[in-house]
Amino acid sequence: MNKGSKAYKKENYDEALQKYLLAETGKPDLPETAFNLGNVYYKTGDYEDALRSYEKATYSKDIELQSKAYYNMGNSLFRMKKLPEAIQFYKKALELDPKDQDAKFNIEFAQKKLKEDIDKNKKQQDSKDKQDKQGEQKDKKDEEGVSRPAEKDDKEQKNKDKKEQKDKDKDKKDKDEKDKEDEEDKEDKKQKMSKEDANRLLESVGDEKHPKKKANMKMPLFKMPEKDW
């Protein structure tokens, strides 16, 4: 295990891992070896294996080693963005070692980060809800915008048809009245001519008849620091 620790301090993590794994094969239940393996996994970003190794280290009878193992479990969970779980393990480390200022600091830091994430998520959700609501209002407005012109066109067409019918009725009425007047004038004229003709016949038999004048017609208009052991 000493060879593994030397490689670890030189940041030769691949060699350190091989040495620690070899040591674990000889003594698989040794908490110190598990703790050191956890540190190598943590340094290489393998936080899942780091958690498993640190958990084995928490079975140590050494309270100091237990506290450091819990602390590093908190760090691993923090890296995995599991903040509530990380806070719980920092608290366990602090319970075992109340003087651990790093654990105390990390609890406060993780709690602050958790609150920021919650507020951020809430803000994003509120923004999404607002956009969804605006989208619904826009869709509703578009639907109304499509139906209203149609209603307006129908109304305008009805008014137009009504006006045309009214004009037709008026034209027909005017024509009927004119025809009636023409008929009356014609009848009066006929009667008048008959009288005159009778008188002429009486007064001057044999006079030549003059042709009647033709009537004039008007055409309508349209369109978005792990701890070491």
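What follows is calculated from the coordinates using simple rules that are stated; it is not laboratory data. Bear in mind that the values here come from a model prediction, so they are computed numbers and not experimental data. Backbone-built Cβ (ideal geometry, glycine too); neighbour counts: all protein chains shown.
Shape of region 1-57 from its Cα gyration tensor (a ≥ b ≥ c, root eigenvalues): rounded if a/c is under 1.5, otherwise prolate when a/b > b/c, or oblate? It comes out oblate by the Cα gyration axes. Can you give me the relative contact order of region 1-125 as a percent, contacts being Cα pairs under 8 Å and 6 or more apart? Computed value for region 1-125: 15 percent relative contact order. Taking other C-beta atoms within 10 Å as the exposure proxy, S127, S53 rank S127, S53 from fewest upward.
Give me T44, T33, T58, T25 ranked fewest to most by other Cβ atoms within 10 Å of their Cβ, as a rough exposure proxy. List each step's numbers first, then the result.
Working: T44 14, T33 25, T58 19, T25 9.
Fewest-to-most ranking of T44, T33, T58, T25: T25, T44, T58, T33.
Counted by neighbouring Cβ atoms within 10 Å, the residues F78, F89 run from fewest to most as F78, F89.
Using the Cα gyration tensor of region 74-134, with a ≥ b ≥ c the square roots of its eigenvalues, what is the shape: rounded (a/c below 1.5), prolate (a/b larger than b/c) or oblate (neither)? Display every interim value, and only then the final one.
Details: a/c = 4.76, a/b = 3.38, b/c = 1.41.
Note, shape of region 74-134 comes out prolate.
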